[in-house]
Amino acid sequence: RLSSCLGLKVHIIEPCGFSLEDERFKRVVMDYIGLSKIFRYADYDIFLKKNSKFRIILMTTKAKKSYLKFKFKSSDILLFGRESAGVIEEIHNIVDHRLTIPMKEGMRSINLSSSVALVIGECLRQTNNI
């Protein structure tokens with residue numbers, strides 16, 4: 001729904017934690033699914049090859065730099081890993097930038113949907129796309 005309402009593209013890299021064909025997923029997105037531009041990739045290699053001209057910004061709890069201190073471009077691709085495991089370690093070494101959401105000491109992470117909303121909001125604010 002977020003991507004549909006804000007006019008964003010969604011890139012899904014397999015294996016994904018859910019199926020777009022799953023009835024529960026369809027019920028959650030309801031009629032919004034047709035309003036989103038969704039791109040699916042069999043793996044990270046294919047994703048990286050098809051998007052090599054864009055900056056890929058990885059959001060991770062393993063980064064030191066805050067997303068609030070970063071200058072986003074409207075062409076950036078924001079990469080969020082699985083809520084349970086993040087992204088594979090090799091990706092950490094090849095993305096253009098690694099950013100984190102500052103959190104209170106001792107906390108592990110914010111859930112994925114909230115993380116996406118926070119960072120997308122700042123990115124759109126900076127690029128005047130809201």
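The values are calculated or read from the model by the stated rules, or taken from the named source; none is laboratory data. For clarity, every value in this text was computed on a predicted model and none was experimentally measured. When we count neighbours, we look across all protein chains shown, and the Cβ atoms used for this are built from the backbone with ideal geometry, even at glycine. Ligands, DNA and RNA are stripped out before the accessible areas are found, and what is left, the full protein with its side chains, is counted by its heavy atoms. Shrake-Rupley method; radii C 1.70, N 1.55, O 1.52, S 1.80 Å.
Can you name the residue in the stretch 82-119 that is in contact (Cβ under 8 Å) with a residue 60 or more places away in the chain and in contact with a strand residue (DSSP E or B) (Cβ under 7 Å, 6 or more places away or on another chain) and, of all such residues, is nearest to residue 69 (Cα to Cα)?
Taking the candidates together, the pick is 119.
Suppose we filter 108, 125 for residues that are part of a helix (DSSP H, G or I), charged (D, E, K, R) and either closer than 21 Å to residue 3 by Cβ or open to solvent by 30 Å² or more (accessible area, probe 1.4 Å) (or both); which single one remains? Spell out how you get there, then give the answer.
Working: 108 fails: part of a helix (DSSP H, G or I).
After applying the criteria, what remains is 125.
Taking only the stretch 61-75 into account, find how many residues are in a loop (DSSP other than H, G, I, E, B) and either open to solvent by 20 Å² or more (accessible area, probe 1.4 Å) or at pLDDT below 90 (or both). Reasoning before the result, please.
Going residue by residue through the stretch 61-75, those that are in a loop (DSSP other than H, G, I, E, B) are 61-65, 70-75.
Now restrict to residues that are either open to solvent by 20 Å² or more (accessible area, probe 1.4 Å) or at pLDDT below 90 (or both): 61-62, 64-65, 71, 73-75.
Qualifying residue count for the region: 8.
Just to be sure, is residue 33 over 16 Å from the mean Cα position of the chain (by Cα), surrounded by 13 or more Cβ atoms within 10 Å (Cβ to Cβ), modelled with pLDDT of 85 or more and not basic (Lys, Arg)? Full working, then the answer.
Working: over 16 Å from the mean Cα position of the chain (by Cα): yes; surrounded by 13 or more Cβ atoms within 10 Å (Cβ to Cβ): yes; modelled with pLDDT of 85 or more: no; not basic (Lys, Arg): yes.
So residue 33 does not fit the description; no.
Has the stretch 68-77 got any residue that is free of Cβ contacts under 8 Å to residues at least 24 places away in the same chain and more than 18 Å from residue 16 (Cα to Cα)? I'd like the intermediate steps shown before the answer.
Of the residues in the stretch 68-77, the ones free of Cβ contacts under 8 Å to residues at least 24 places away in the same chain are 69, 75.
Narrowing the set further to residues that are more than 18 Å from residue 16 (Cα to Cα) leaves 69, 75.
Yes: the stretch 68-77 contains one or more residues that are free of Cβ contacts under 8 Å to residues at least 24 places away in the same chain and more than 18 Å from residue 16 (Cα to Cα).
Within the stretch 83-91, is even one residue of a type in the set (Asp, Glu) and open to solvent by less than 50 Å² (accessible area, probe 1.4 Å)? Explain how you work it out, then say what you get.
Pass one, the stretch 83-91, residues of a type in the set (Asp, Glu): 83, 89-90.
Remaining after also requiring open to solvent by less than 50 Å² (accessible area, probe 1.4 Å): none.
The answer is no, given that none of the residues of the stretch 83-91 is of a type in the set (Asp, Glu) and open to solvent by less than 50 Å² (accessible area, probe 1.4 Å).
What residue, among those in the stretch 79-119 that are more than 20 Å from residue 47 (Cα to Cα) and among the β-branched types (Val, Ile, Thr), is modelled with the lowest pLDDT?
My answer is 110.
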